[in-house]
Amino acid sequence: MHEFTLLYCFDLFGTCVFAISGALAAGQKRMDIFGAAALGTVTAVGGGSLRDILLNQNVFWIINPTYLYIAVIASMITYFAARKFSIPKKVLLLSDAIGLAVFTVIGVSKTLKFSDSFYVVIIMGIMTGVVGGMIRDILSNEVPLVLRKEIYATAALLGAAVYVAMYNSQIPQSLCIVAGAMITLVCRLAAIFFNWSLPIIRHS
Amino acid sequence: MHEFTLLYCFDLFGTCVFAISGALAAGQKRMDIFGAAALGTVTAVGGGSLRDILLNQNVFWIINPTYLYIAVIASMITYFAARKFSIPKKVLLLSDAIGLAVFTVIGVSKTLKFSDSFYVVIIMGIMTGVVGGMIRDILSNEVPLVLRKEIYATAALLGAAVYVAMYNSQIPQSLCIVAGAMITLVCRLAAIFFNWSLPIIRHS
Amino acid sequence: MHEFTLLYCFDLFGTCVFAISGALAAGQKRMDIFGAAALGTVTAVGGGSLRDILLNQNVFWIINPTYLYIAVIASMITYFAARKFSIPKKVLLLSDAIGLAVFTVIGVSKTLKFSDSFYVVIIMGIMTGVVGGMIRDILSNEVPLVLRKEIYATAALLGAAVYVAMYNSQIPQSLCIVAGAMITLVCRLAAIFFNWSLPIIRHS
């Protein structure tokens, strides 16, 4: 039904890691197993759903429910693992960073078919990467990662921009995808581990 | 314009009770009459709107504004009644429970036409039932009922699963609808009156 | 690509003022330059995006990215201006009021093509005007203007109703547009400067 491409592998992988981050957030808030499955699923499919709605396309998980299966199974395994072993808090940030990197390049790839404005393409990439985690944070009553001082949306912006620039230079798309995702991931990991943030211009 | 079926009656009834719950929430927050009409309407049409958007269909209340009329009239009557008489707090929970039961089976029924994945159908049923009340609670600054410890989404899940199982066994759809709604309603009422919740596995 | 009509001018102007209000809100919360650009853009295109999604149309800024350019440029200029000069708090309320007035009549105009229910048309007008600012306030952790006691959605309601009544009396549409916007703007400004609110019926 679905051709088995690099992008599809990436997409299922991103679904899995975002579901893990959602289930970890649910565990921290002491939600029950259904809460974890729900929060994991919403985190995993939220960004892509908004992307498909804005592009006026059929929503991906209604066409292909594999995404839902993966999200629920990953959430449940994570929920039980988090009860058995103590999982360091950085794991949530790490899985969120991987999901951000993967979903940003997927958002860019899908939007390239519908718009030739690179500006629209980059915005849709950022949105696809950012929105799932934002819903997770709002529902679990945390300040959304994207609104904190550290580099977050900026990492998605850089990855998406590099993807688009490479794509525009006729570089094969699989290379653009890998490069874009790596750049977002590296920037975001650097922000987590070295506490990077953009300078804020002070009030004069 | 719209055939007068069991489902349509249910739908108008659910619209009415969800609008009541929204107007009661607005009254508790001392909003004015327009706030009550707005919160009642958003609660009543929120879940179904998201369902139609995800299914890439025309939104039901744009095609048939009867839903809007009913939501606004029910909200306003409730608003004035709540000013005249003191309405017990359980009435909000009760109207929310009825709305949850009715909209879950309507979500299942509509999605059955577009997807043959029972998993997608059940998720869409839960979402249709849950989202209107969630928007109401977020806008009136309450912790969403769906995120509290008591059984809530689980009641919708059980009702939707029974509906789908019966439907799959060639049982007439009107029976599936009534059975699914009753199961959701009974579970949810039991949760309200006996304070049921799912056991949470403690940290080891 | 896009005919240069009164409505299009209004739309670009509304995009600009709503982006200014979003960037000012970001500045008050001490977000960085990307936060200001993001909040300004979301404020400027949020209401119209929901309108197009509910009408099952292609989202306007995906078809015509000019809106995005204007929103980002206006946000950035505002961000730097707010750092250089001290901008009075009323400027945010003022730009929000202008955006509300402009987007309400645009919401009405676009919906008139898809629905002949004046009730649906008025609701869509209010929603187009109100939702962008609501997202801005939620993301910057303020109580949404629309939920406060002052007249807000009511101003949009009056403007939309006058537009529809005039349109129904065969008055030329450009006149309806200007009259509807002026009425919303005047009501809202009066509410800001004289602190108008609707009377609330007290508990008996």
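The values are calculated or read from the model by the stated rules, or taken from the named source; none is laboratory data. Since we're looking at a predicted model, the values are computed, not measured. Cβ coordinates were reconstructed from backbone atoms using ideal geometry, including for glycine residues, and neighbour counts include every protein chain displayed. Accessible surface is based on the protein model in full, side chains and every heavy atom, while ligands, DNA and RNA are left aside. Shrake-Rupley method; radii C 1.70, N 1.55, O 1.52, S 1.80 Å.
Residues of the stretch B:107-125 that are within 18 Å of A:Thr66 (Cα to Cα) and aliphatic (A, V, I, L, M): B:Leu112, B:Val120, B:Val121, B:Ile122, B:Ile123, B:Met124. Scanning the stretch A:134-149 for residues that are in contact with a Phe, Trp or Tyr (Cβ under 8 Å, 6 or more places away or on another chain) and either under 18 Å from A:Phe60 (Cβ atoms) or at the interface with chain C (Cβ under 10 Å from one of its Cβ atoms) (or both) gives a single hit, A:Val146. For the stretch B:59-74, the criterion of being free of Cβ contacts under 8 Å to residues at least 60 places away in the same chain and away from chain C (no Cβ under 12 Å) is met by at least one residue. With respect to (1) touching an Asp or Glu at 6+ places or on another chain (Cβ under 6 Å); (2) open to solvent by 40 Å² or more (accessible area, probe 1.4 Å), the lone exception for B:Pro144 is condition (2). Taking first residues from the stretch A:139-153 that are closer than 30 Å to B:Leu145 by Cα and assigned to a loop (DSSP other than H, G, I, E, B) and partners that are open to solvent by 30 Å² or more (accessible area, probe 1.4 Å) and not small (Gly, Ala, Ser), the Cβ contacts under 7 Å between residues at least 6 apart in sequence or on separate chains come to A:Ser140/A:Lys29; A:Pro144/A:Met134; A:Pro144/A:Ile138. For the stretch B:20-37: of the residues being open to solvent by less than 20 Å² (accessible area, probe 1.4 Å) and closer than 18 Å to B:Thr104 by Cα, which is farthest from the other protein chains (Cβ to nearest Cβ)? Among them, the one singled out is B:Ser21.
Condition first: of a type in the set (D, E, K, R) and within 24 Å of B:Leu112 (Cα to Cα). Now tell me which residues in the stretch B:1-42 satisfy that.
Of the stretch B:1-42, the ones of a type in the set (D, E, K, R) are B:3, B:11, B:29-30, B:32.
Listed by number, the residues that qualify are B:Glu3, B:Asp11.
Restricting attention to the stretch C:60-74, the residues being over 13 Å from A:Ile122 (Cβ atoms) and of a type outside the set (Phe, Trp, Tyr) number 7. Taken across the stretch A:136-158, residues that are in contact with a Leu (Cβ under 7 Å, 6 or more places away or on another chain) and charged (D, E, K, R) do occur, with at least one present.
A:Lys89 meets all of the listed conditions (1) open to solvent by 40 Å² or more (accessible area, probe 1.4 Å); (2) under 15 Å from the mean Cα position of the chain (by Cα) but one, namely (2). Here B:Val121 meets the list (1) open to solvent by 10 Å² or more (accessible area, probe 1.4 Å); (2) under 25 Å from A:Gln57 (Cα atoms) almost entirely, failing just condition (1). Condition check for C:Tyr8 on (1) within 14 Å of another protein chain (Cβ to nearest Cβ); (2) of a type outside the set (A, V, I, L, M, F, W, C); (3) within 15 Å of the chain's Cα centre (by Cα); (4) open to solvent by 10 Å² or more (accessible area, probe 1.4 Å): one failure, at (1).
Of all positions in the stretch B:86-109, none carries a residue that is hydrophobic (A, V, I, L, M, F, W, C), at the interface with another protein chain (Cβ under 8 Å from one of its Cβ atoms) and touching a residue at least 60 places away in the same chain (Cβ under 8 Å).
Scanning the stretch B:59-74 for residues that are open to solvent by 30 Å² or more (accessible area, probe 1.4 Å) and either β-branched (Val, Ile, Thr) or not in a helix (DSSP H, G or I) (or both) turns up B:Ile63, B:Thr66, B:Ile70, B:Ile73. Say we look at the stretch B:92-118 and pick out the residues that are charged (D, E, K, R) and farther than 20 Å from B:Val186 by Cα; which of these is surrounded by the most Cβ atoms within 10 Å (Cβ to Cβ)? The extreme case among them is B:Lys110. In this structure, is C:Ala181 surrounded by fewer than 20 Cβ atoms within 10 Å (Cβ to Cβ) and of a type outside the set (Ser, Thr, Tyr)? Criteria not met by C:Ala181.
Looking for something without any contact (Cβ under 8 Å) to a residue 40 or more places away in the chain and assigned to a helix (DSSP H, G or I) - is there at least one such residue anywhere in the stretch A:1-14? Before you say what the answer is, go through the steps one by one.
First, pick out the residues of the stretch A:1-14 that are without any contact (Cβ under 8 Å) to a residue 40 or more places away in the chain: A:3-5, A:8-9.
Subset that is assigned to a helix (DSSP H, G or I): A:8-9.
Within the stretch A:1-14, one or more residues are without any contact (Cβ under 8 Å) to a residue 40 or more places away in the chain and assigned to a helix (DSSP H, G or I).
Selection of the stretch A:167-187 for residues being in a helix (DSSP H, G or I) and more than 22 Å from A:Tyr119 (Cβ to Cβ) yields A:Ser174, A:Leu175, A:Val178, A:Met182, A:Leu185, A:Val186.
If you go through the stretch B:38-58 and pick out every residue that is surrounded by fewer than 21 Cβ atoms within 10 Å (Cβ to Cβ) and within 8 Å of chain C (Cβ to nearest Cβ), you end up with 4.
Considering only the stretch C:75-85, how many residues are surrounded by fewer than 19 Cβ atoms within 10 Å (Cβ to Cβ), facing another protein chain (nearest Cβ under 10 Å) and touching a helix residue (DSSP H, G or I) at 6+ places or on another chain (Cβ under 9 Å)?
Looking only at the stretch C:75-85, we keep the residues that are surrounded by fewer than 19 Cβ atoms within 10 Å (Cβ to Cβ), and these are C:76-77, C:80-81, C:83-85.
From what is left, the residues that are facing another protein chain (nearest Cβ under 10 Å) are C:80, C:83-85.
Filter once more, keeping what is touching a helix residue (DSSP H, G or I) at 6+ places or on another chain (Cβ under 9 Å): C:80, C:83.
Counting residues in the stretch C:75-85 that are surrounded by fewer than 19 Cβ atoms within 10 Å (Cβ to Cβ), facing another protein chain (nearest Cβ under 10 Å) and touching a helix residue (DSSP H, G or I) at 6+ places or on another chain (Cβ under 9 Å) gives 2.
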